[in-house]
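The values are calculated or read from the model by the stated rules, or taken from the named source; none is laboratory data. Every value quoted in this text rests on a predicted model; they were computed, and no experiment measured them. Here the Cβ is made from the backbone with ideal geometry for all residues, glycine too, and neighbour counts use every protein chain on show. Surface accessibility is based on the protein's heavy atoms, side chains included, excluding ligands, DNA and RNA. Shrake-Rupley method; radii C 1.70, N 1.55, O 1.52, S 1.80 Å.
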Amino acid sequence: MKSTLLIVALTVVAIPLGVAQNPDGFAHPAPRLYELYSWPQSNRFWNFCLLPSPSGVNIPVEAIFNRKFRLTGVDQLKRKIFLLPTGTTILWMNGITSGQTPTAESKKLALPPVETVEQVRRYAEERGVRVQVPSSSPG
């Protein structure tokens with residue numbers, strides 16, 4: 001009995017961080033690519049949506065604006081970034097991907113002021129998370 005517990009304990013410790021158990025019973029690496037969307041709120045705050053992107057840029061508009069994924073303000077975004085594993089890459093999008101039908105909400109997507117983008121980028125990089133921002137200048 002003790003040897004079985006020891007084996008179980010050693011096995012649990014040996015499972016690398018960043019590996020998640022899926023319902024299919026197989027362990028799969030945690031997503032290492034995330035998409036970040038941002039849009040202004042009426043009172044100088046910015047809303048953000050940070051979601052895993054399992055196969056490249058492909059988050060549907062409905063998910064981006066789903067209230068359960070909304071992060072209001074930079075502090076909430078930082079808390080979410082803090083939870084990401086080292087080595088993660090965030091693609092900060094300034095609009096929806098081509099092929100999706102624009103909506104009234106999706107037309108609000110934009111990058112925050114340069115200072116905000118740099119603040120978030122520095123915070124993420126201090127935690128080993130890379131942030132890629134489109135080359136077009138933030139608004």
### Task
Filter the range 106-130 down to residues that are open to solvent by 80 Å² or more (accessible area, probe 1.4 Å) and within 16 Å of Ala63 (Cα to Cα) and give me whichever is modelled with the lowest pLDDT.
Lys107
### Task
With respect to Thr89, determine if the residue is open to solvent by 30 Å² or more (accessible area, probe 1.4 Å), within 13 Å of Leu50 (Cα to Cα), among the hydroxyl-bearing types (Ser, Thr, Tyr) and touching a residue at least 12 places away in the same chain (Cβ under 8 Å).
no
### Query
Are any residues in the range 64-109 closer than 23 Å to Tyr123 by Cα and among the basic types (Lys, Arg), and if so, which ones?
Arg70, Lys78, Arg79, Lys80
## Note on the structure
Those residues of the range 32-82 that are modelled with pLDDT of 95 or more, open to solvent by less than 30 Å² (accessible area, probe 1.4 Å), farther than 12 Å from Pro112 by Cβ and part of a helix (DSSP H, G or I) come to a total of 1
### Query
Does any residue in the range 112-139 that is β-branched (Val, Ile, Thr) come within less than 6 Å, Cβ to Cβ, of a residue that is open to solvent by 60 Å² or more (accessible area, probe 1.4 Å) and at pLDDT 95 or above six or more places away or on a different chain, and which pairs are these?
Val131/Arg121
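So, in the range 83-97, of the ones that are part of a strand (DSSP E or B) and among the aliphatic types (A, V, I, L, M), which residue ends up modelled with the lowest pLDDT?
Across the range 83-97, the extreme among qualifying residues is Met93.
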